[in-house]
Amino acid sequence: MAIANESRQEAHNMEEHHGSGRYWIIWAALLVLTLVTVFTGKMHMPSFGLALALVIATTKGTLVTLYFMHLIDHKGANRIVFCVSILFVMLMLAVPLIDLGTRFRFSNPPGSQYSDLQPPDIGANVKEGRYGGGVRHHGSEEKSESHGGH
């Protein structure tokens with residue numbers, strides 16, 4: 001009996017047609033959010049740039065799901081599934097970020113924004129006699145040149 005009532009409610013919801021004005025408003029909101037994403041993506045915001053991008057993307061996805069996929073018109077289990085999926089997405093993002101923020105100091109790579117360790121000097125410095133991370137011996141260059149012709 002509950003299934004019959006739910007299908008009757010679904011049929012009633014599908015019979016109600018909404019005007020196109022609602023879709024134009026949602027489309028304009030999505031366009032504005034896309035422009036905000038583009039403009040903030042060109043800015044350098046190391047402290048909250050990722051969080052802002054995730055909030056904007058989540059908002060856009062929610063608008064698309066609710067209005068263009070008509071989830072706003074449905075009741076019951078569909079809304080529960082949507083809310084649980086949003087909860088799982090937030091958990092899947094929060095757990096790695098919490099892990100990264102609470103790591104042991106030396107487990108973060110040197111030079112990253114999460115580490116206060118200095119990056120290793122990998123580049124070549126000919127004046128100091130360093131070639132890409134190690135000191136070359138002058139004898140090794142001569143040996144490699146003498147064996148190159150044979």
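A few comments on the model shown:
- Inter-label distance, Met90 to Phe104: 3.2 nm, where each label sits 7 Å from its Cα along the C-beta direction.
- Length gained on full extension, Val36 to Leu50, computed as 0.36 nm times the residue gap minus the Cα-Cα distance: 3.7 nm.
- Here the translational diffusion coefficient of the stretch 46-113 follows from Stokes-Einstein with Rh set to the Kirkwood radius across Cα pairs; for 25 °C and 0.890 mPa s it amounts to 170 µm²/s.
- Per the Cα gyration tensor, the stretch 8-76 maps to an equivalent ellipsoid with semi-axes of 33, 14, 5 Å, ordered largest to smallest.
Where a number appears in this text, it was derived from the coordinates with a stated rule and is not lab data. Note that the structure is a prediction, hence the values are computed from the model and not measured. In this analysis, Cβ positions are derived from the backbone assuming ideal geometry, glycine residues included, and neighbour counts consider all displayed protein chains.
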